[in-house]
Each structure stands twice: as C-alpha cells, then as structure tokens.
C-alpha cells in the first residue's frame, strides 16, 4: 500500500510538472496570437493576454501587402520541400552505407565524418568557400550546404543498426541489389526516423533567415523568414523615427499597425506551417525520437 501511495505521489508530481511545462509553452504562444489579432496602437496600452481586445487583421494585411511576400513564400516552400527531400534521401544513403559491415574502411570514414562535428572553420572561411563554389546569390546556397548533417547521419545509422539483419540477408540471398534493398526494404521500415529527420530539416529550412541575409543579395531570392525580418526592422525603425519627431504624434494616431504588432503577426506566419504539419507526422516523430532508447 505504501509503495502504491509513493508511486501515485510521483505520478501526480510528474503530471503537474509536465502540465506546467506545457503551459509555459502554450500561454506565451496564445499571447502572441492575441496580440497579432489586436489593433497595434490599442495593444500598446497593455492588458492583452490570451484574447484580442480590439480585433483586427490589419497586421497580417500589412505583412502581405508587400509585393515580394508571395515570391518569398515560394522561395521558402521550394527550399523547404526540395532541401528536406534531398537531404533526407542522401542522409539515409550515407547512414545505410556506414551501417554496412562490409564497407571497406568503415570505422575510418565514420571517424572522419564525426570529426567535422567538433570544429568549424568560421563564418568568413565558410563564406569564401561558398563564393568559390559560385553558390552565393543563388537559390542553391539554401540547399546544397545543408544537405548533410553529421548528427542526422549518426541518428539514422543507429536506427538502421536496430533493423533485423535476417531480412536484409534474405534479400541478398534472393539476388536483390543494394539499391533494391535500400529502397524496397530499408526505407519502408524506417518511417519513424525519416519523419524525425525530415521534420528537423524542414524546421531548419523554414526558419532560416541568416542565409538569405548574408549570402544572397538579390531581393527576388530572399526567403520568407529573411523578408519578414527585414520588414520588421524597417517598420521598427520607422516607428522609432516617428517617436523621436516631436511633431509626429498626429501621424502616429493614424497608424494601426506598430512594430510590435507586426512582430507578433510575423511570428505567427513563420510558426503556423510547422504547427499545421506536425500533427500529420506526430506518430512517426514520437517513435523516431526514441531511437536507441531500447535495445532488443
């Protein structure tokens, strides 16, 4: 009986802690959503928590008024879809090769790949390499440099190592080539890890504004995250300039969109696609994050 009470206490404690953690994530998001749907000047008065006081969609209209937003959205979708698909495929192929025990020099290759995780050349050498490869100011600067992640390769190799060898050996005995084994047996059995690595890649591509800001000069090649970041900077600078001008209060009264309200709408626009996609792959993602936790 004492053991059951002790277990119940810790179970309640765990539920309470997880509940508080969930609230710490959900409540700020609801606050951002409420502010994004509230009139900007009214929001500056404060007192808005989880529901808008003066409902308005002007913040979102202001974001999409920019003629380049749809083009930037297309760039973001292209780099996310193509970059994620190609990266997951190539990462899986590399992990499968490293998991093959008959690969000559497998340990040396694995060590060489892992070694790249420990050191970085720095931003300037990285930029010089991109320039020499003619990748700067092209759409491929978003995709090619991020095709491989050592961490993702190691995760996939760990997962492939847990697959039953008997199935693979039986396929080899039946005359299947390595490509047939990989595409017809390994990949269909690896949906959890593919969904996990795919989500990591997609989130990274969708949220990346740094590459567009520093490696691309053409405005037509800016992704959505970079465009919104630049738009937010301009809007905030304009608002600050008006506040410093003693004769600008009349103009400020006509503004319903402020830098802060635009910031909230920007956050929702960037986060919404990932939130929408996640429920469809949640089952596989949950299995994928437990890779290596149980060894049968």
What is the distance in Å between the Cα centroid of region 104-137 and that of region 26-46?
43 Å
Would you order 160, 111 from fewest to most other beta-carbon atoms within 10 Å of each residue's own beta-carbon?
111, 160
Could I have the simple spin-label model distance between residue 53 and residue 113, label points 7 Å from Cα toward Cβ, reported in nm to one decimal?
5.6 nm
FRET efficiency for residue 106 and residue 128, Cβ-Cβ distance as r, R0 = 35 Å, nearest 0.05?
0.60
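Starting from 0.36 nm per residue, how many nanometres of slack lie between residue 85 and residue 120 once their C-alpha separation is accounted for? Write out the running numbers ahead of the final one.
Numbers: separation 35, 0.36 × 35 = 12.60 nm, distance 2.55 nm.
The residue 85-residue 120 span can extend by a further 10.1 nm.
Just so you know, all these numbers are worked out from the coordinates, no wet-lab data involved. Predicted model only: the values in this text are computed from it and were never measured. Cβ coordinates were reconstructed from backbone atoms using ideal geometry, including for glycine residues, and neighbour counts include every protein chain displayed.
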